[in-house]
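The values are calculated or read from the model by the stated rules, or taken from the named source; none is laboratory data. All figures in this text were calculated on a predicted structure; none of them were measured in a lab. Glycine gets a Cβ as well: all are built from the backbone with ideal geometry, and neighbour counts include every protein chain shown.
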Amino acid sequence: MELQPSTLFLHGGPGLHSAVEREWFGDTLPILWWDQPHVADDSAPFRTLVYYAANRLGILAGSSGGKVDVIAHSFAGQIAAVLAREYPQLIRRITLLGCPHDRVSHFFLFARRLLEAGYDRPGLKEALAAVEANCDESNFFALIRACYPDSTLPGIYFGPQSTEVRDRYLAMAAKTPPVDFATFFAVMRDLFHTPNPTQLAGFDGEVKVIMGRHDPLLDLDADKKKWLGVFPQAEFELVDAGHFLHFELPPEAWFGER
């Protein structure tokens, strides 16, 4: 029996989709696995993503007859924060999974951790030095390209105990549509030129932030402090996992009872 969705899942990226999640979890969870649309041609691509997410949030709230739970992974924490600020009446609770607070600096951290782990990325050291000396748009995108030279995720994204999960994820992801790189770069360019919001979200519902101890994109202390500036009521949980918490952990650890 298919479960009626009561939770909206906002995936990372930008430019990603939830094809792996739908195959991985099937119909075992009452979650609407949202797919981000192509927004590369829009003049304000991040706001357009928020618009589509808000539209989906409203439809889900209407069909479920009440407020909706929102789960956001990675980049989608940026979308969730805007939804909480602009549509608090539609949201019951928010769960952030491996969500960096800053829009730009987590790529610097990721690059350093790739180098520390010995990943062979031609030009990465030089790209990192260049962007640290002058963080302009050209250097920033050169760093991102150096981090992902073949457009695949390095194993460092997963915790050391998640080898089987990593292999299963990568095998499934290889069969799905690729990242929409035009959308990725359009949204990231938009965010690069927009200051990271620091004001309170104005949302008084429950917020839980789950962070992986081995997540290469997070500065655990700094991200905790900054998310508290957005959601002062947030509860934080540190777990033995990497970046893909919803695959590395059992659903009860991040979805729980609804």
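When each of Asp223, Asp190 is tested for being within 22 Å of Gln36 (Cα to Cα), among the charged types (D, E, K, R) and surrounded by 16 or more Cβ atoms within 10 Å (Cβ to Cβ), the lone residue that passes is Asp190.
Counting only helices (runs of 4 or more DSSP H) that fall entirely inside the range 143-258 and contain at least 3 residues that are of a type in the set (D, E, K, R), the qualifying elements are 163-173, 220-230. Here's a check for you: in the range 137-176, which residue that is of a type in the set (D, E, K, R) and in contact with a helix residue (DSSP H, G or I) (Cβ under 9 Å, 6 or more places away or on another chain) is farthest from Arg22 (Cα to Cα)? The residue in question is Glu137. Scanning the range 111-162 for residues that are β-branched (Val, Ile, Thr) and within 20 Å of the chain's Cα centre (by Cα) yields Ile144, Thr152, Ile156.
If you check Tyr119 against the conditions, is it of a type in the set (Phe, Trp, Tyr), assigned by TED's automatic domain parsing to the domain that holds Leu217 and farther than 20 Å from Phe184 by Cα? Answer is no for this residue.
Does Tyr169 satisfy the condition of being in contact (Cβ under 8 Å) with a residue 12 or more places away in the chain, under 28 Å from His246 (Cα atoms), aromatic (Phe, Trp, Tyr) and not assigned by TED's automatic domain parsing to the domain that holds Phe231?
When the stated conditions are applied, Tyr169 does not pass them.
Checking Gly77, Gly118, Gly66 one by one, the residue that is in a loop (DSSP other than H, G, I, E, B), out of contact with any Asp or Glu (no Cβ under 9 Å at 6 or more places or on another chain) and closer than 20 Å to Phe158 by Cα is Gly118 and no other. Criterion applied to Leu245, Leu238, Leu191, Leu220 was being free of Cβ contacts under 8 Å to residues at least 24 places away in the same chain and of a type in the set (A, V, I, L, M), and the one residue passing it is Leu220. Scanning the range 177-218 for residues that are of a type in the set (S, T, N, Q) and modelled with pLDDT of 95 or more gives a single hit, Thr183.
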